[in-house]
Amino acid sequence: MSHADEAEVPMAWFWAGGVAEDLILRMDSPAPLSAFGFQATHNVLSLTMLFSGVASCAHDLAVEQLEVIHDLVSMGGAWVDWCDSRLGDADTPAPCLDLARRAWRWLLLISPPSEWQLPPNRGAGCRVGLMHARRAVDARLSRRPR
């Protein structure tokens, strides 16, 4: 198999997803997130880390990186426009961009789970994910020395 035939591994996306999961699991929460809440938060944090340039091999984020992520997920509706504008970024490796687009579509198209007894509301993934992403980053920042 030649080097050109080898599939490129989306390492930046995998790294962002692993750090997102760590942030979520360490979040101070009276109850664990539902599967829907976890996936929404995971997608928001992964996209934010990938597109903000907060991509490294470090397992733990520095305070400065956490503050960048916090500022971005605190933008609310503007985060949606910010993230959408980065989906065409030529600097993002194609395999990472493919997975980012899947996560993005899920956030935009998903409705709340039926057990929430709410009317279908597309884009609920973005709203729920942003809310929990802020809480996750706040929880980590509150435990870090400045």
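A Cβ distance below 8 Å, combined with a sequence gap of six or more or placement on separate chains, defines the contacts here; from region 92-103, residues that are without any contact (Cβ under 8 Å) to a residue 40 or more places away in the chain reach residues that are not charged (D, E, K, R) in the pairs L97/L87; R101/L87.
Looking only at residues of region 11-21 that are at pLDDT 90 or above, surrounded by 15 or more Cβ atoms within 10 Å (Cβ to Cβ) and not β-branched (V, I, T), we find that the one that is nearest to D98 (Cα to Cα) is W13.
Given the condition out of contact with any strand residue (DSSP E or B) (no Cβ under 7 Å at 6 or more places or on another chain), modelled with pLDDT under 75 and not charged (D, E, K, R), answer yes or no: does some residue in region 89-100 qualify? Yes, region 89-100 contains a residue that is out of contact with any strand residue (DSSP E or B) (no Cβ under 7 Å at 6 or more places or on another chain), modelled with pLDDT under 75 and not charged (D, E, K, R).
The values are calculated or read from the model by the stated rules, or taken from the named source; none is laboratory data. It should be emphasised that the depicted structure is a prediction, and the values quoted were computed from it without experimental measurement. Here Cβ is always computed from backbone atoms with ideal geometry, including for glycine, and neighbour counts include all displayed protein chains.
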